[in-house]
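The values are calculated or read from the model by the stated rules, or taken from the named source; none is laboratory data. Predicted model, so just to flag it, every value in this text is computed and none were measured. Cβ placement follows ideal geometry from the backbone for every residue including glycine, while neighbour counts extend to all protein chains displayed. Note: areas computed on protein heavy atoms with side chains; ligands, DNA, RNA excluded. Shrake-Rupley method; radii C 1.70, N 1.55, O 1.52, S 1.80 Å.
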Amino acid sequence: MSQTLKLASKSSLLYRYFPEMWAEVASKSPEAVVKRQKSLADIPGPTTFSFLADLFCRKGLSRLHELQLEGKAKFGPVWKASFGPILTVNVADPALIEQVLRQEGKHPIRSDLCSWKDYRQCRGHAYGLLTAEGEEWQRLRSILGKHMLKPKEVEEYGGALNDVVTDLIKCLEYQQRQSQSLMIKDIASIFYKFGLEGISSVLFESRIGCLEPNVPEETEQFIQSINTMFVMTLLTMAMPRFLHHIIKKPWQKFCDSWDYMFAFAKRHIDKRMAEVAEKVAWGKKVEGKYLTYYLAQEKLPMKSVYGNVTELLLAGVDTISSTLSWSLYELSRHPCIQTALYHEICEVTQDEPIPSAVHVAKMPLMKAVMKEVLRLYPVIPGNARLISDRDILVGEYTIPKKTLISLCHYATSRDERFFPNPNKFHPERWLQKDESQHPYASIPFGFGKRSCIGRRIAELEVYLALARILTHFEVRPEDEDSIVRPMTRTLLVPEKEINLQFIHR
Ligand code: HEM
């Protein structure tokens, strides 16, 4: 008996850490003859008709995150569904997500993102890190990683980001003066501008005026283009390509939005490059702490610089805006946690007016708050992997190569087996080591080689902004009953305006 248990525990370890090897061993064992892996055809799921009815008649497109919970409750941790021409296998269990990710291979592919790629091919643009694959992705990742993943390098952006935070505080005060009220309406729209200004300062080390009283027209239009592009992404991916020429509007709008974003990035890069060239011409020393400068130094072709900067600008706006909005929404509804965080900030900064990257690194509750916010409201509610070169094992199923596997981490991060009282905002759960937590149950930044490259910048930006907002203001809800729920718009965003009162301390 004990021998059997030992063998079982060894095989479970083998299965956990070397799933491919385990598959080979398992396939040769006598049990394998009896207990065969099941195939794609055996995976349960809704009929195409009921899934489309869910999507289009029951507002499913904006409730994709909830469909994860419903799918799991109805079919178990693995189920399949077809979205237009795309068949997806959904996986909503941390151990199974871990199993998929451990088989992701040398150059992981997130998903086909076919309409994004089609657009780039159509216009002759280069892929950036979000869309590149294979060796090209690997090269870009190692170049960008040098300047975006190392803690010391990221600390360098702290000064530029803090200047943007100073303008954010002024902007909040200006809004209050304009409305002659402590209430600030639709905070997500202000954090959108903060997100764009923040990522621009990291990319160009120059300011683009998003937080000024009169926001430049091009900024408003850039933000509008991101919105439209995200809304059109799901639609253009669901439509077979030939339909783009018949029902033209979605594809046209999608392309117009990308055109604007690429043009915006190009304008700012060219302006910055011209300033550098002028300095060189005058024999002045050129140095820069901004990302575009580093990329140009790496001798990347300009086309690739444009592609990467456009994608980084895009990645740095909704993500920051949504995380900051939900953070303040939850803190306003949990005054005790807000007070504890305020005390932590004061204690660490010793009342220095501008907290630095070094300060925020010493704030455990701040980190726990952000983790908890992203557990409840993961900006990217479902991640994906597409394993292109071999079939893989997921639980009892063999998934054929090139099948899109959706990792439903909105569902896992609200699973009460891993997070007791899962819908409650409870940052303290991250402060004590809890055996019930599974490392793959809440992975808002993804995992592994293809995980979010902007994670450290995002964390720094959110910590610096929260630290300064909370030292200036006590934040209170509009009223206790104004509940805001999340909705999917490719990303997870607030379903309606979040309005909050900002009381001067
Ligand atoms: C709270 C903020 C953010 C969240 C929750 C977030 C989340 C994610 C997730 C889930 C992925 C996919 C990871 C995977 O497939 O395993 C991703 C990828 C990526 N993110 Fe973020 N992100 C955030 C902020 C940012 C920022 C500020 C930037 C830019 C500075 C950024 C740039 C990127 C890029 C370029 C990728 C693609 C990486 C690759 O394919 O190698 N992200 N992000």
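The figures follow:
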item: Considering residues of the range 70-101 that are free of Cβ contacts under 8 Å to residues at least 40 places away in the same chain and more than 22 Å from GLY446 (Cβ to Cβ) only, the residue surrounded by the fewest Cβ atoms within 10 Å (Cβ to Cβ); result: ALA73
item: Test: GLU136 is among the acidic types (Asp, Glu) and either touching a residue at least 12 places away in the same chain (Cβ under 8 Å) or farther than 18 Å from GLY307 by Cα (or both); result: no
item: Residue match in the range 65-75 (condition: within 29 Å of ASP256 (Cα to Cα) and modelled with pLDDT under 95); result: yes
item: Which numbered condition GLN297 fails, given (1) in contact (Cβ under 8 Å) with a residue 40 or more places away in the chain; (2) of a type in the set (S, T, N, Q); (3) open to solvent by 10 Å² or more (accessible area, probe 1.4 Å); result: (1)
item: Residue match in the range 180-198 (condition: assigned to a helix (DSSP H, G or I), more than 21 Å from the chain's Cα centre (by Cα) and surrounded by fewer than 24 Cβ atoms within 10 Å (Cβ to Cβ)); result: no
item: Flag for PRO378 being over 21 Å from VAL154 (Cβ atoms), within 9 Å of the ligand (Cβ to nearest atom) and at pLDDT 95 or above; result: yes
item: Answer residue from the range 364-375, given it is over 19 Å from ALA95 (Cβ atoms) and open to solvent by less than 30 Å² (accessible area, probe 1.4 Å) and is farthest from the ligand (Cβ to nearest atom) among those; result: LEU365
item: Conditions (1) among the β-branched types (Val, Ile, Thr); (2) open to solvent by 10 Å² or more (accessible area, probe 1.4 Å); (3) away from the ligand (no atom under 13 Å from the Cβ); number of the one not met by ILE345; result: (2)
item: Candidates LEU129, LEU140, filtered to the one that is open to solvent by less than 40 Å² (accessible area, probe 1.4 Å) and assigned to a helix (DSSP H, G or I); result: LEU140
item: Scope the range 300-326; condition under 14 Å from VAL462 (Cα atoms), near the ligand (Cβ under 10 Å from one of its atoms) and either without any contact (Cβ under 8 Å) to a residue 12 or more places away in the chain or not hydrophobic (A, V, I, L, M, F, W, C) (or both); matching residues; result: GLY316, ASP318, THR319, SER321, SER322, THR323
item: Strands (runs of 3 or more DSSP E) wholly inside the range 386-505 containing at least 3 residues that are more than 16 Å from the ligand (Cβ to nearest atom), at pLDDT 95 or above and under 30 Å from VAL165 (Cβ atoms); result: 473-477, 500-504
